[in-house]
Structure formats: C-alpha cells, structure tokens
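Take a look at the structure set out below.
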Amino acid sequence: MNRVASLLFNARRILKRTQLEGPLPDDGDLLRRAFRVAWPSTLESFLVALVSVVDTIMVSSLGAAAIAAIGLTGQPKFICLAVFLSVNVAVSAIVARRKGEGDREGANRVLVQAILITVVLTVVITALALIFAEPVLRLAGTNEDTHELATGYFRIIVGCQFFNVLNMVINAAQRGVGNTKIAMRTNIVSNLVNIVFNYLLIGGNFGFPALGVNGAAIATVLGTVVASGMALRSVMHPDSFLYLFYNKRPVGFGRKTLGSIANIGSATLAEQLFLRFGFLMYTMVVARLGTNAFAAHQIGMNIITISFAFGDGLSVASVSLVGQSLGEKRPDLAKVYGGFCQRLGFLCSAAVAFVYVVFGRDVFRLFSADPEILDYGAMIMDFVAVIVFLQISQVIYSGCLRGGGDTRFVALVSLISVACIRPLSGWLFVYPLGMGLFGAWLGLAIDQLLRLLLTMWRFKHDKWLKIKI
C-alpha cells in the first residue's frame, strides 16, 4: 500500500508551494482514509448509473419513442430537484466542517433544519410541477410520439418526489461526516427494488399489469420509498454522530444555521439553475433532430452517466474530506485529499475509456438493434471515450471547491460553460454548420473541457481554502 502511495499519491508532490500547517501523516495513512470515504460513494454512484442504464434497456423493449420520452423528462425533473440539490450540497459541506470542528450539536441542527426546509419546499414545488407538467414538457421538446408517455411518467415521478428528497437530504448529511456506506446501502436497495418492479410492471409479469413507461415510473417511486425509510432509520441511533433527536431545544429555525445553508445553498441553487437551463436548451437542440437521433443521443447520455458516476462518487468524497480537513484547520490536508481524489479519478477514467473503445458498439447494441441508431452509436462512443477524462476530472475539482465553500465560483463556471457555451456551440455545430448529432456531441466536449480548465485553475490557487462557513 505504501509503495502504491509513494508512486501515485505523494502528498508533498501534491502540495508543492502550499504552506504546511503541521506534520503530514504517512502517505499510506492519508490514502487509506481517502479510499475509505471514496469507495462507498463511488460504488454507490456507479451502481445508480448502472441501474439507470438497465432501466433504459428494460424500457427499450417498448421502442425508440419510450426511450426518448423518458429522456425528455430528465431536465424538467432535475429542475424540480434543483432547490433540493442545492440544499444538499450546503448540508454536506457544513456538516463536514462541523464534524472537523467536533461540533456534534451544530451538525445535527443543520440536519433537522434542512429536513424542515425540504418538507416545506416539496409541497410547493410538487404542486407547481403537476400543474404545469404539459407545457413544460412541450417546451422540453416532446412531440406527438412522446408527449403522452413523457407526461404520464413525469407526473408519477414528481408527484411522489417527497420520498426521494427526504432520502437525499439525510444521505447528504451522512456523506458530510464520512458515512458514505449508509448512502451506498440505501441506494443499492432502492435500485434493486426499482429493477424488480421494472420487470413486473413494464411488461406485466407474474400477474402484474403491463403499465409500460408508467410502470417504470412506479418502480422508481417504490425504490425511493424504501430508501427514505432506510435513511430515516440511520439517524435514529442515539450513539451515532447524526441523531435526529440529539438537540434538546425545541424544533425550529436558527439564524446562524439558516444563514450558513443560505450562503452556500444560494450559490449552489444558481449553479443548479444554470446547469438545468443549459441542459434543457441543449436537449431541445438535439430533440429537433428526430426521434431516432434523439433516442441514440439519450442512450449515449445514459452510458456517459456511468463514467460520470466515478467522478460524482469521488466528488462526494472530496466534499467530505476537504470540509473535515478545513474544520480541523488543516487546509494543506484539504488540498492533499483533493489531489488524491484526482489521481483516483484518472485511474477510473483510463479503465472506463478502455472499455468504451474496445466494447463501445457492443454496449450500444444492448439498447437497440436499429441500424440507424447503431451508426449514431459508433460516433457517440468515440466521443465518450475522450470526454470521460475531462468529465471525471472537472467533477472532482468542483467537489473540492464545494467542500471549501467556494460554491459561487462553481456557479459562475456553470453559467459560462453549461448555460451558454454548451447550448450555443451545440446549436451552431448542429444547424448552421450542418454537423447533425456529431455537432451536438462536439459542443458537449467543448463544455467539459472549459469546465475542467476553469475549476483546475481555481483549485491550484489557494483562495478557496480560506472561506468561512
């Protein structure tokens, strides 16, 4: 272990000109701590992405319109989750900082108040989403083939999203204190439930009704119900660091805690809105290419979520490790852990890219046998094999910055690159320059490259290490 650490994860090489705040632990000890936090969150993200791919494969038996319909609900669904995702980033970063400071009461106060905020917001957002489902999905690019399918799927998912967002906020707090195994277990069980009920409800097996796309939505909801129950149970143990009833004060909102959540969460909300706007505009550009082209694109996006899963898992680990190190007043260790996660991310990128290059067309064939879709797939997999390196690296850098509380810069990057560069370059390449789906993926690659350059530049400068939260 120590030999591997010295070859790939040398802490002093990562720090270079950064001032040491104390003696550095052994490289092997640092790597073990980083790996202990990172592997459950990375495995969790990978399995979630894999289940999403399996989900698409199971739905693909219903035809290209079904694949496209579910794909078109993606960005509207994430727009509904934007507020909750921003709260969760704040919860992870603040709880990690409180953990490093040894402030158990403060960490639990953040958890309780985040749950209360989540409950209130869920009622409002769910009501608005159900009322405006049809016009929103038409804006997203549905047509005669996909609108009815997409609307039914969207209403079921969003109408029952309370269980999902409750699970998300509790797991965000658990990740902040480094309990990534808890989030991993809840999501693994949730996804297994999803797969089982997909089989029972999509095609109608073992006497269950054949509900098609709506069956896939119901299966997803049942999985989130189980996950939320497991997540709640994880904060019911008095001896654990996070305990729902730890605070003896009456339940309510505290100005200091709310201020911290609002400070980080507002910038993260802006980031989420920029992301969702950019992704929605980009999806609308691709949707105009036709059902087969968009189905191929959606399959490619499902495949790329597998590589994103490795970056996302390591990003989650970065938030926890960086936040705890800064709470311990060790910004040097925060930077070391960020560097370690980057190196782990590069190894994951190389492995995934190899699989995509060698088996890319075979992977695409799992989703569809349509010759036109498979022709698109060969081109898409060439892009994905390159994008994976850019994507994983920029996601990890962004996680480090969020862990340090530098959410405003990450939001600015999303505004510039995702909300502006991706849809505009995609449109330019697709239509005026006539590149079709190739142009759309070229625009996506440019977006990932720009995000990597900006977040890497910020990480290498130490301003983000000095933010108070």
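The values are calculated or read from the model by the stated rules, or taken from the named source; none is laboratory data. Only a predicted model underlies this, so the values are computations on that prediction, with no experimental measurement involved. No Cβ is skipped: glycine too gets one built from the backbone with ideal geometry, and neighbour counts run over all protein chains shown. Surface accessibility is based on the protein's heavy atoms, side chains included, excluding ligands, DNA and RNA. Shrake-Rupley method; radii C 1.70, N 1.55, O 1.52, S 1.80 Å.
For region 348-415, what class follows from the C-alpha gyration tensor (a ≥ b ≥ c being the square roots of its eigenvalues): rounded when a/c is under 1.5, otherwise prolate if a/b is larger than b/c, else oblate?
Cα axes put region 348-415 in the prolate bin.
Roll a 1.4 Å probe over the protein chains and send me the accessible area per residue for the chain in Å². Show your work: numbers first, answer last.
Details: 19280 Å² over 469 residues.
For the chain, the per-residue accessible area is 41 Å².
Hey, what number do you get for the chain at 222 nm if only DSSP H runs of n ≥ 4 count, each worth -39500 (n - 2.57), divided across all residues, to the nearest 500?
-27500 deg cm²/dmol
Determine the equivalent ellipsoid of the chain by diagonalising the alpha-carbon gyration tensor, then write out the semi-axes as square roots of 5 times the eigenvalues, largest first, rounded to whole Å. Don't jump to the answer; show the numbers that get you there.
Details: eigenvalues 242, 145, 84 Å².
The three semi-axes for the chain are 35, 27, 21 Å.
Under a plain spin-label model, where a point goes 7 Å from the Cα along Cα-to-Cβ, how far apart in nm are Met236 and Glu134?
Result: 4.2 nm between the two label points.
Give me P(r) over region 94-154, computed from all C-alpha to C-alpha distances, binned every 10 Å, as integer percentages.
20, 27, 19, 18, 15, 2
Taking only complete DSSP H runs, can you tell me which helices of the chain stretch 30 Å or more along their own long axis by Cα positions and average at least 0.5 on the Kyte-Doolittle scale?
27-59, 64-101, 104-131, 180-201, 213-234, 255-287, 291-327, 331-365, 371-403, 437-460
Full-extension gain between Val54 and Asp145, please, as 0.36 nm times their residue separation minus the C-alpha to C-alpha distance.
Taking 0.36 nm per residue and subtracting the Cα distance, the gain is 30.5 nm.
Count the lysine pairs in the chain that are 8 or more places apart or on different chains: how many have C-alpha atoms under 20 angstrom apart?
24
Where does region 252-367 land on Rg(C-alpha)/(2.2 N^0.38 Å)?
Normalised Cα radius of gyration, region 252-367: 1.45.
Quick check on packing: order 334-340, 258-264 by the mean number of other C-beta atoms within 10 Å, highest mean leading.
334-340, 258-264
Given an 8 Å cut-off on Cα distances and at least 6 residues of separation, report the relative contact order of the chain as a percent.
Reported as a whole number, the value is 23 percent.
Based on the mean of other Cβ atoms within 10 Å per residue, sort peptides 349-361, 149-161 so the most packed one is first.
149-161, 349-361
Using a basic spin-label model with each label point 7 Å from the Cα along Cα→Cβ, how many nm lie between Leu116 and Leu428?
Calculated label separation equals 4.9 nm.
Using only the Cα atoms of region 60-134, what semi-axes does the equivalent ellipsoid have when each is the square root of 5 times a gyration tensor eigenvalue? Give whole Å, largest first.
35, 16, 8
Could you give the nm distance between label points at Arg365 and Asn205, where each point is 7 Å from its Cα heading toward the beta carbon?
2.3
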